[in-house]
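Visitor: The structure follows.
The values are calculated or read from the model by the stated rules, or taken from the named source; none is laboratory data. Since the model is a prediction, treat every value here as computed from it, not as a measurement. Every residue, glycine as well, gets a Cβ built from its backbone with ideal geometry; the counts of neighbours run over all protein chains shown. Just the protein is used for accessible areas: all its heavy atoms, side chains included, with ligands, DNA and RNA removed. Shrake-Rupley method; radii C 1.70, N 1.55, O 1.52, S 1.80 Å.
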Amino acid sequence: MGAAMDTETLDRLRNAVRGPVIGPEDARYDEARKVYNGMLDKRPAAVVPCRDVADVRDVLAFARGEGVDLAVRGGGHSAPGLGVVDGGVTLDLAPMRWVRVDPRARTVQAGGGSLLGDLDHATHAFGMAVPTGINSTTGIGGLTLGGGHGYLTRKYGLTLDSLIAADVVLADGTFVTASERENAELFWALRGGGGNFGVVTAYTYRLHPVDTVGVGVTVWPVERTPEVLAWYREFLPQAEEDVYGFFAVLAVPPGPPFPEELHGRKMCGVVWCWTGDPARTSRVLEVVREPGRPAFHFTTPMPYPQLQRMFDELLPAGLQWYWRGDFFDRIPDEALEIHRRFGEDLPSGLSTMHLYPVDRAVHQVGKDMTAWGYRDALWSAVYAGIDPDPANAKSLREWCVGYWEALHPYSMGGSYVNFLGEGEGEDRVRATYRENYDRLARVKRAYDPDNFFHVNQNVRPAART
């Protein structure tokens, strides 16, 4: 369904909100409707940048009254493009991009349109951070509501584990705060249940002491993937919580810190973050010699926000993306050769596979304490086919799906919800939440019984008994 809403209807929406209402005839429309994933081309009837909670409520009331689909866009990084909806209204939280730190309470509050870079910049000034993802351009909203894992996960847990309150506009326009003390069931569901329950206009997080960290990048020739990954699967889970490293197959990007002779070569490797004494980084990461001499090994102290920005230039908005994910509690011998084979067959210079550790602090939270369904996983995997050229979309998809299909039998069955693609189906959503799905469905019935918020990885309301 393409964009379709008459001028009179759009004018009613324009009269209801303070900000602009961008329709198909607007000169800003093509820019406003862009999806981070260039493989997708969506045409909403209107894009509405919301300046405040009042705007959010007015947009919800309009969409309900008109009976049109509503998508909620925070940072806009959704690979399946769930922040934009064909023929409906996109509620854009980008103008609500602000951060306020309370250093005495060691908390931070951020608007629903804020990016990880906004959060990192504000909190770093006080020597603190929230555990988030690995790209500063990612929105805090989708990341937090889906779980959020990255460099600080083994030390401080998931992003949702640091969430202490959320301001939410519900489907009926009611404004509530969700926390352990208020709307506790909603708060439980928001921590991992995605955008199923309302529009979160502000997030409040607990802060942790993080300033300068030790950073390392180590790569080996891709044909050595089996032996390196066999070492990594044994080393990382028993390493102290200050050691974080995600495993990857990749093509070496052209630029520093890599020497020119490695540019474009297919490799396997680990990106490290050490949250102990930065001066000890080189000594702690000497362990990378154990699987054999790497082709390149680099360590340096780095301000945490700089680490978060390290991959931003490689992955600008508008690239072609196709990805899938799975959780793993083991990496069997049979998987080692599969990773080598698909690493050698990367379809483009930006395509990659990452294994993100989700152990240590993540495992210290009970499986029913939040909606996150995989407290017993060791790794969250993503297979990402990425390239700027639309002509390569088919090869990206085939490589990604083939990689996923080859390893899925060794997985735990479900994926990190933010790594689900569009249209993977209800069974995959259920597998992602495991035994927490039924409770999520009951919360959905209580807060969104008509499934108004359905442009997402959808949890359907439980049937009334």
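Visitor: Of the residues Val365, Val459, Val443, Val417, which is surrounded by fewer than 17 Cβ atoms within 10 Å (Cβ to Cβ) and within 23 Å of Ser179 (Cβ to Cβ)?
Guide: Among Val365, Val459, Val443, Val417, only Val365 is surrounded by fewer than 17 Cβ atoms within 10 Å (Cβ to Cβ) and within 23 Å of Ser179 (Cβ to Cβ).
Visitor: Take Arg289 and tell me if it is in contact (Cβ under 8 Å) with a residue 24 or more places away in the chain, surrounded by fewer than 22 Cβ atoms within 10 Å (Cβ to Cβ), within 30 Å of Ile338 (Cα to Cα) and among the charged types (D, E, K, R).
Guide: no
Visitor: Scanning the stretch 119-132 for residues that are open to solvent by 40 Å² or more (accessible area, probe 1.4 Å) and in contact with a helix residue (DSSP H, G or I) (Cβ under 8 Å, 6 or more places away or on another chain), which turns out nearest to Pro24 (Cα to Cα)?
Guide: Residue satisfying both the conditions and the ranking: His121.
Visitor: Which condition number in (1) in contact with a Pro (Cβ under 9 Å, 6 or more places away or on another chain); (2) of a type outside the set (Ser, Thr, Tyr); (3) open to solvent by 40 Å² or more (accessible area, probe 1.4 Å) is the one that Pro303 fails?
Guide: (1)
Visitor: Suppose we keep only residues that are of a type outside the set (Asp, Glu) and more than 27 Å from the chain's Cα centre (by Cα) within the stretch 231-266. Which one would you say is farthest from Ala377 (Cα to Cα)?
Guide: So, considering only residues that are of a type outside the set (Asp, Glu) and more than 27 Å from the chain's Cα centre (by Cα), the one farthest from Ala377 (Cα to Cα) is Pro259.
Here's the yes/no breakdown for (1) open to solvent by 10 Å² or more (accessible area, probe 1.4 Å); (2) of a type in the set (A, V, I, L, M):
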position: Ala189; (1), (2): no, yes
position: Ala202; (1), (2): no, yes
position: Thr225; (1), (2): no, no
position: Phe235; (1), (2): yes, no
position: Ala248; (1), (2): no, yes
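Visitor: Against the conditions (1) open to solvent by 10 Å² or more (accessible area, probe 1.4 Å); (2) of a type outside the set (Val, Ile, Thr); (3) part of a loop (DSSP other than H, G, I, E, B); (4) free of Cβ contacts under 8 Å to residues at least 60 places away in the same chain, where does Met412 fall short? Just the number, please.
Guide: Of (1) open to solvent by 10 Å² or more (accessible area, probe 1.4 Å); (2) of a type outside the set (Val, Ile, Thr); (3) part of a loop (DSSP other than H, G, I, E, B); (4) free of Cβ contacts under 8 Å to residues at least 60 places away in the same chain, only one is false for Met412: (4).
Visitor: Hey, another quick one. With Gly373, Gly349 as the choices, which residue is surrounded by fewer than 20 Cβ atoms within 10 Å (Cβ to Cβ), of a type outside the set (A, V, I, L, M, F, W, C) and either touching a strand residue (DSSP E or B) at 6+ places or on another chain (Cβ under 7 Å) or on the phi < 0 side of the Ramachandran plot (or both)?
Guide: Gly349
Visitor: Pick from the stretch 260-276 the residues that are open to solvent by 40 Å² or more (accessible area, probe 1.4 Å) and in contact with a strand residue (DSSP E or B) (Cβ under 8 Å, 6 or more places away or on another chain): which of them is nearest to Leu315 (Cα to Cα)?
Guide: Gly264
Visitor: Now, a different point. Any residue at all in the stretch 323-332 that is open to solvent by 20 Å² or more (accessible area, probe 1.4 Å), at pLDDT 95 or above and more than 27 Å from Lys34 (Cα to Cα)?
Guide: Scanning the stretch 323-332 turns up at least one residue that is open to solvent by 20 Å² or more (accessible area, probe 1.4 Å), at pLDDT 95 or above and more than 27 Å from Lys34 (Cα to Cα).
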